[in-house]
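The values are calculated or read from the model by the stated rules, or taken from the named source; none is laboratory data. The model shown is predicted, which means the values in this text are computed figures rather than measured ones. All Cβ positions, even for glycine, are placed from backbone atoms using ideal geometry, and neighbour counts span all protein chains on display. Please note that ligands, DNA and RNA were not included when accessible areas were found on the heavy atoms of the full protein model with its side chains. Shrake-Rupley method; radii C 1.70, N 1.55, O 1.52, S 1.80 Å.
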Amino acid sequence: MNKIKSIKISTEFSKTPKGRKSPDDGKFTGQLFRETFIEPFFEEYDKFIINLDGLYGCPSSFREESFGGLARKYGEKAVLSKLEFICTDEPPLINVIIND
């Protein structure tokens, strides 16, 4: 049985995520998102669905620290096999994240 976890960043974290590291770069940084919403559950779940709809921007610093930081810790292949992105508001953002 596959265990799936869904996260909608705009409602469960912030509509305005930004910055790389906490607290220097603000309140809703990539580091905080990764350490709070993904890393504690990464090995427990087979799939993470990350919903990007409803955000007022998703800066590269946030993306890199959230998802790039995860890839540095667990390996790119493992991360890409577990993460699935949804973004009907701005579909090209998915490719930007995967190819960053």
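Here are some notes:
- Net charge of Cβ neighbours under 11 Å - reference S10; Lys, Arg +1; Asp, Glu -1: -1
- GNM result for the chain, Cα springs below 10 Å: residue of D89, D53, D25 fluctuating most strongly: D89
- Working from Cα pairs under 8 Å separated by at least six residues, relative contact order for the chain is 31 percent.
- Pairs exceeding a 18 Å alpha-carbon distance, out of K3/K47; K15/K47; K8/K82; K5/K82; K18/K73; K47/K77: K15/K47; K18/K73.
- Using θ = phi - 60° in the Karplus curve 6.51 cos²θ - 1.76 cosθ + 1.60, the 3J(HN,Hα) couplings for region 59-73 round to x, 4, 5, 5, 4, 5, 6, 5, 8, x, x, 5, 5, 5, 7 Hz; x is entered for Gly and Pro.
- Extension gain (nm, one decimal) between E44 and L80, 0.36 nm per residue minus Cα-Cα: 11.4 nm
- Once all protein chains are placed together, R20 keeps about 80 Å² accessible to a 1.4 angstrom probe.
- Amide H contacts of K8: N51, each under 5 Å away and 5 or more positions distant or on a separate chain (H built 1.01 Å from N in the peptide plane; Pro and chain starts excluded).
- Taking GluC sites (Glu not before Pro) in DSSP loop states with no more than 16 other Cβ atoms inside 10 Å as exposed sites, the chain has its longest site-free stretch at 45-100.
- Between the residues P23, P59, Y45, the greatest Cα displacement towards the positive end of the dipole of region 21-75, with unit charges on the Cβ of Lys, Arg, Asp and Glu, is found for P59.
- Solvent-accessible area of the chain (1.4 angstrom probe, protein heavy atoms only): carbon and sulfur portion equals 51 percent.
- Candidate residues V79, V96: accessible-area rank, largest first, probe 1.4 Å: V96, V79
- For region 1-98, the solvent-accessible area works out to 56 Å² per residue, with a probe of 1.4 Å and every protein chain left in place.
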